[in-house]
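S.K.: Got a structure for you, questions after.
The values are calculated or read from the model by the stated rules, or taken from the named source; none is laboratory data. Treat the numbers as computed from the prediction; the structure is a model and nothing was measured. Cβ sites come from the backbone with ideal geometry, for glycine too, and all protein chains shown count toward neighbours. For the accessible areas, the whole protein counts, side chains as well, though only heavy atoms, and no ligand, DNA or RNA atoms are used. Shrake-Rupley method; radii C 1.70, N 1.55, O 1.52, S 1.80 Å.
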Amino acid sequence: MASRSKSLDHWLRSPLTLALLLLALTGIVFGPTLASARQEVMAHQGTDLAMYFAHARAFAAQHLRQGHIPLWNPHICGGVPFVGAWQSGVFYPPNAIYLFLPLHLALNVELFLHVFLSGWFTALWARRYTTHPLACLLAGAMVMFSGAFFLHVYAGHCSLLAAGAWMPLFLASVDGLFLPASTQRPAPIAGHMFTGVLALAMMLLAGHPQTVFIAIVTTVLYSVALLPVSRFRIRALLALGILAAGGVAIGAVQLLPGLQAASEGVRQGPLPYEMAASLSLLPQNLLTLLVPGFFGDMVRTPYWGGYFLWEMCLFAGGIGLTLAITGVTAGVERRRWTWLAMALLLLVLALGAHTPLFRPLYEHVPGFNRFRGHSKFAYPMTLFLALLAAQGLHYLLHSPGRARIAAFAAFLGALCLGGLGVLLLPGLEQELGLWKRLAYDLAAREDLFRRTVR
């Protein structure tokens, strides 16, 4: 009987089972759109998908079917580089679906695929630190449907979602290169190097250089944090260097044309400070960690906060946040303090110009003066919160006696608060309508709470 239970637990924790369960979860969200006969697309009309990606994907597929690579796009201004425009994604393997599927279906499948991959790769990362499949599934679901990632589906940010989906696999591979201090013998690292090279190459080919930059910054910080607990520092650093070189070598087919085209464009130099500082996470939007719809939800209530909700929402689930706190305070995994430090540091980077750290980063660290929208550091922050939440649920499921009772009490408290919010919201909207009317009034004006991009 014990052998059968152990076998079932091993099957539930297998990568294939996790993939099937997360596929089913993603299918629940995307299923109605994928099955619709009305040729609907998940993204909102008027966003980047409708304005650029749908046309770019169709243009690339048309030329690739004819047997040649579209180097030039004659349909914008007097013509611009196409492959060198980064986000064309011509060499990104998953975009081969556009050669065979109708455009609307291929767009939905692309969004579906990368939401699923972000969750699956996160679950595989969490699997290294927890023995319970539910904890792995929780980590994956938190990332898949987090405000920092999933809301970009609404905005139609295809290349960002594609590159971001590979980030947890890349960071998990980097994690695998370092070993706890208690380990006496180095573990094989060939598998970690292979997956790391694959993930980095995919991020480069997906065509969103800012996501690659964010992944590099996160990797540097995480590697520095892991060095003290590794007995094989030199080996890990050498492997990391080889991993980076391999990924760049494969992604060079997109990287080199992109750099060449950028060197001849209007953004070949550093951005002005005001531009680089724009789209930094607004401090008041820290409220979205607890209440995602406080500033509106873009569907029932207009968004009246600063910039765009998909850039400013940190929500990853009330229960997930509660379990992350439990993972820090009661978890047994020693790296939980490293994950907490990483989450806090990445939050500081996401706040960007609203902290005194941004000015020296802009002036002295390459890359911070090349991009705006540093609020996107909230995505890797969510990855580390998901690892902490997995530890919290692991503790809840395995802790005995009073500890388990306390953990369940925290879990039920978060569940009750969330349920109360769900019950109150329809009442406020249908009977009083006060919050909705206030949101509409605020959305119609610009004040201290609202900043727009000019």
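S.K.: Filter the range 201-221 for residues that are surrounded by fewer than 22 Cβ atoms within 10 Å (Cβ to Cβ) and touching a residue at least 24 places away in the same chain (Cβ under 8 Å); which is nearest to residue 89 (Cα to Cα)? Lay out the reasoning, then the answer.
M.R.: Just the residues of the range 201-221 that are surrounded by fewer than 22 Cβ atoms within 10 Å (Cβ to Cβ), to begin with: 210, 213, 216-217, 220-221.
Narrowing further to those that are touching a residue at least 24 places away in the same chain (Cβ under 8 Å): 210, 213, 216-217, 221.
Values: 210: 15, 213: 17, 216: 20, 217: 23, 221: 28 Å.
Among those residues, the one meeting the criterion is 210.
S.K.: Take residue 195 and decide whether it is farther than 21 Å from residue 178 by Cα and either in contact with a helix residue (DSSP H, G or I) (Cβ under 8 Å, 6 or more places away or on another chain) or surrounded by fewer than 16 Cβ atoms within 10 Å (Cβ to Cβ) (or both).
M.R.: Working: farther than 21 Å from residue 178 by Cα: no; either in contact with a helix residue (DSSP H, G or I) (Cβ under 8 Å, 6 or more places away or on another chain) or surrounded by fewer than 16 Cβ atoms within 10 Å (Cβ to Cβ) (or both): yes.
Here the answer is no, as residue 195 does not meet what is asked.
S.K.: Still on this structure, I have one more. In the range 66-124, which residues are of a type in the set (S, T, N, Q), more than 21 Å from residue 202 (Cβ to Cβ) and touching a Pro at 6+ places or on another chain (Cβ under 8 Å)? Walk me through it before giving the result.
M.R.: If we filter the range 66-124 for residues that are of a type in the set (S, T, N, Q), which is where we start, we get 66, 73, 87-88, 95, 108, 118, 122.
When the remaining residues are screened for being more than 21 Å from residue 202 (Cβ to Cβ), the result is 66, 73.
Within the range 66-124, 73 is the sole residue that qualifies.
S.K.: Is it the case that some residue within the range 287-300 is open to solvent by 20 Å² or more (accessible area, probe 1.4 Å) and outside any loop (DSSP other than H, G, I, E, B)? Break it down stepwise before answering.
M.R.: Step one: filter the range 287-300 for residues open to solvent by 20 Å² or more (accessible area, probe 1.4 Å), giving 287, 289-294, 297-300.
Among the residues that remain, those that are also outside any loop (DSSP other than H, G, I, E, B) are: 287, 289.
So far as the range 287-300 goes, yes, one or more of its residues are open to solvent by 20 Å² or more (accessible area, probe 1.4 Å) and outside any loop (DSSP other than H, G, I, E, B).
S.K.: Return the residue satisfying two criteria in turn: it lies in the range 1-34 and is aliphatic (A, V, I, L, M) and at pLDDT below 85, and of such residues it is most open to solvent (accessible area, probe 1.4 Å). Give the derivation first.
M.R.: First pass over the range 1-34, keeping only residues aliphatic (A, V, I, L, M): 1-2, 8, 12, 16, 18-25, 28-29, 34.
In the following step, the residues that additionally are at pLDDT below 85 were identified as 1-2, 8, 12.
Numbers: 1: 186, 2: 81, 8: 98, 12: 55 Å².
My answer is 1.
S.K.: Further, regarding this structure: Could you tell me which of the residues 96, 165 is surrounded by fewer than 23 Cβ atoms within 10 Å (Cβ to Cβ) and either at pLDDT 95 or above or touching a strand residue (DSSP E or B) at 6+ places or on another chain (Cβ under 7 Å) (or both)?
M.R.: On the way: 165 fails: surrounded by fewer than 23 Cβ atoms within 10 Å (Cβ to Cβ).
Matching residue, one of 96, 165: 96.
S.K.: Answer with yes or no whether residue 359 is open to solvent by 20 Å² or more (accessible area, probe 1.4 Å) and more than 26 Å from residue 139 (Cβ to Cβ). Can you show your working first?
M.R.: On the way: open to solvent by 20 Å² or more (accessible area, probe 1.4 Å): yes; more than 26 Å from residue 139 (Cβ to Cβ): yes.
So residue 359 passes the test.
S.K.: Considering only the range 235-271, state which residues are closer than 16 Å to residue 207 by Cβ and either aliphatic (A, V, I, L, M) or surrounded by fewer than 17 Cβ atoms within 10 Å (Cβ to Cβ) (or both).
M.R.: Step one: of the range 235-271, the residues closer than 16 Å to residue 207 by Cβ are 247-248, 250-262, 265, 267.
Matches in the range 235-271: 248, 250, 252, 253, 255, 256, 259, 260, 261, 262, 265, 267.
S.K.: Please determine, by comparing only the residues of the range 130-158 that are among the hydroxyl-bearing types (Ser, Thr, Tyr) and buried (at least 21 other Cβ atoms within 10 Å of the Cβ), which one is nearest to residue 47 (Cα to Cα). Give the steps one after another, and end with the answer.
M.R.: If we filter the range 130-158 for residues that are among the hydroxyl-bearing types (Ser, Thr, Tyr), which is where we start, we get 130-131, 146, 154.
Remaining after also requiring buried (at least 21 other Cβ atoms within 10 Å of the Cβ): 130, 146.
Working: 130: 39, 146: 20 Å.
Looking at the filtered set, the residue picked out is 146.
S.K.: Additional query: Within the range 311-353, count every residue that is in contact (Cβ under 8 Å) with a residue 24 or more places away in the chain, part of a helix (DSSP H, G or I) and either open to solvent by less than 40 Å² (accessible area, probe 1.4 Å) or under 13 Å from residue 387 (Cα atoms) (or both).
M.R.: Going through the range 311-353 one residue at a time, the tally reaches 27.
S.K.: While we're looking at this one, here's another question. I'm told residue 180 meets every condition in (1) modelled with pLDDT of 85 or more; (2) surrounded by fewer than 19 Cβ atoms within 10 Å (Cβ to Cβ); (3) more than 18 Å from residue 94 (Cβ to Cβ) except one. Can you identify the failing condition by its number?
M.R.: Here residue 180 clears every test but (1).
S.K.: Of all residues in the range 129-156, count the ones that are among the β-branched types (Val, Ile, Thr) and outside any loop (DSSP other than H, G, I, E, B).
M.R.: Of the residues in that region, 2 qualify.
S.K.: Given the condition acidic (Asp, Glu) and closer than 30 Å to residue 362 by Cα, answer yes or no: does some residue in the range 287-300 qualify?
M.R.: Let us first name the residues in the range 287-300 that are acidic (Asp, Glu), namely 297.
With closer than 30 Å to residue 362 by Cα added as a condition, the list becomes none.
The answer is no; no qualifying residue exists.
S.K.: Is it the case that residue 70 is open to solvent by less than 50 Å² (accessible area, probe 1.4 Å) and not in a helix (DSSP H, G or I)? Outline the logic, then answer.
M.R.: Details: open to solvent by less than 50 Å² (accessible area, probe 1.4 Å): yes; not in a helix (DSSP H, G or I): yes.
Spelling it out, residue 70 is indeed open to solvent by less than 50 Å² (accessible area, probe 1.4 Å) and not in a helix (DSSP H, G or I).
S.K.: While we're here: Contact list please: Cβ distance under 9 Å, first residue in the range 66-79 and at pLDDT 90 or above and of a type in the set (Phe, Trp, Tyr), second residue open to solvent by less than 70 Å² (accessible area, probe 1.4 Å) and in a loop (DSSP other than H, G, I, E, B), pairs at least six apart or on different chains.
M.R.: What qualifies is 72/79; 72/82.
S.K.: Would you be able to tell me the number of residues in the range 363-390 that are surrounded by fewer than 21 Cβ atoms within 10 Å (Cβ to Cβ) and assigned to a helix (DSSP H, G or I)?
M.R.: Final tally of qualifying residues: 2.
S.K.: Let me ask something else about it. Kindly provide the set of residues from the range 87-100 that are of a type in the set (Val, Ile, Thr) and in contact (Cβ under 8 Å) with a residue 24 or more places away in the chain, ordered by number. Give the steps one after another, and end with the answer.
M.R.: Of the residues in the range 87-100, the ones of a type in the set (Val, Ile, Thr) are 90, 97.
Across the range 87-100, the qualifying residue is only 90.
S.K.: Let me ask something else about it. In this structure, does residue 103 turn out to be over 18 Å from residue 162 (Cα atoms), open to solvent by 40 Å² or more (accessible area, probe 1.4 Å), touching a residue at least 40 places away in the same chain (Cβ under 8 Å) and under 27 Å from the mean Cα position of the chain (by Cα)? Steps first, please.
M.R.: Working: over 18 Å from residue 162 (Cα atoms): no; open to solvent by 40 Å² or more (accessible area, probe 1.4 Å): yes; touching a residue at least 40 places away in the same chain (Cβ under 8 Å): yes; under 27 Å from the mean Cα position of the chain (by Cα): yes.
Taking the combined requirement at face value, the residue does not satisfy it.
S.K.: Which ones in the range 222-231 are without any contact (Cβ under 8 Å) to a residue 60 or more places away in the chain and farther than 21 Å from residue 200 by Cβ?
M.R.: Residues of the range 222-231 that are without any contact (Cβ under 8 Å) to a residue 60 or more places away in the chain, as a first pass: 223-224, 227-228, 230-231.
Hits for the range 222-231 are 228, 231.
S.K.: So, one more: Quick one: residue 40 ticks every box in (1) acidic (Asp, Glu); (2) touching a Gly at 6+ places or on another chain (Cβ under 8 Å); (3) over 22 Å from residue 206 (Cα atoms) except a single one, so which number is it?
M.R.: (2)
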